[in-house]
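Here's the structure, in structure tokens; my notes come after.
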Amino acid sequence: MATDLKPIRTEADYEAALAEVERLWGAKGGTPKGDRLDVLATLIEAYETKHHPMDPPDPIEAIRFRMEQQGLTRKDLEPMIGTRNRIAEVFNRKRGLSIEMIRNLHDKLGISAEVLIRPTRREEAA
């Protein structure tokens, strides 16, 4: 194991760092191997943020994911979105989220307002 650490600047550096993390996986914190794993993870995260950014999720997918996480049904969304028909329209992407719906979903489910205000995938294609 090399003792020198350097910034990840290329895909080759990135691949090598990932391979080393795999070798070090499970190392105890506070040990030389554990410390190296922590530093490599930080370097990899910085590289990925810059070179492999993830798109924020689609608003409807974010709502579905949160519902699954919290064991919620569509009925549980009625106070936040409105009637069963309104919820169906939103989920079928026939109606966008209103500012009031976004506020309610953000406040009650903790979904980022930044995610909720994004156009849904159907709206992007239009």
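The values are calculated or read from the model by the stated rules, or taken from the named source; none is laboratory data. Quick caveat: nothing in here was measured; it's all calculated off a predicted structure. Counting neighbours? That spans all protein chains shown, and the Cβs are built from the backbone with ideal geometry, glycine included. Just the protein is used for accessible areas: all its heavy atoms, side chains included, with ligands, DNA and RNA removed. Shrake-Rupley method; radii C 1.70, N 1.55, O 1.52, S 1.80 Å.
Within segment 39-47, can one find any residue that is charged (D, E, K, R) and either surrounded by 12 or more Cβ atoms within 10 Å (Cβ to Cβ) or in contact with a strand residue (DSSP E or B) (Cβ under 7 Å, 6 or more places away or on another chain) (or both)? Looking through segment 39-47, none of the residues is charged (D, E, K, R) and either surrounded by 12 or more Cβ atoms within 10 Å (Cβ to Cβ) or in contact with a strand residue (DSSP E or B) (Cβ under 7 Å, 6 or more places away or on another chain) (or both).
Here's the yes/no breakdown for (1) open to solvent by less than 80 Å² (accessible area, probe 1.4 Å); (2) of a type in the set (A, V, I, L, M, F, W, C); (3) at pLDDT 95 or above; (4) under 21 Å from the mean Cα position of the chain (by Cα):
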position	(1), (2), (3), (4)
K75	no, no, yes, no
R86	no, no, yes, no
R95	no, no, no, no
G110	yes, no, no, yes
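On inspection, L40 qualifies as free of Cβ contacts under 8 Å to residues at least 60 places away in the same chain and within 30 Å of V115 (Cα to Cα). Of the residues making up segment 48-71, those that are of a type in the set (D, E) and surrounded by 10 or more Cβ atoms within 10 Å (Cβ to Cβ) are E48, D58, E61.
Tell me, yes or no, whether segment 6-14 has at least one residue that is surrounded by fewer than 12 Cβ atoms within 10 Å (Cβ to Cβ), charged (D, E, K, R) and within 30 Å of L109 (Cβ to Cβ). No, there is no match, as no residue in segment 6-14 is surrounded by fewer than 12 Cβ atoms within 10 Å (Cβ to Cβ), charged (D, E, K, R) and within 30 Å of L109 (Cβ to Cβ).
In segment 78-107, the residues that are among the polar types (S, T, N, Q) reach residues that are surrounded by fewer than 17 Cβ atoms within 10 Å (Cβ to Cβ) and assigned to a helix (DSSP H, G or I) with C-beta atoms within less than 8 angstrom, at least six apart or across chains, in these pairs: N104/P79.
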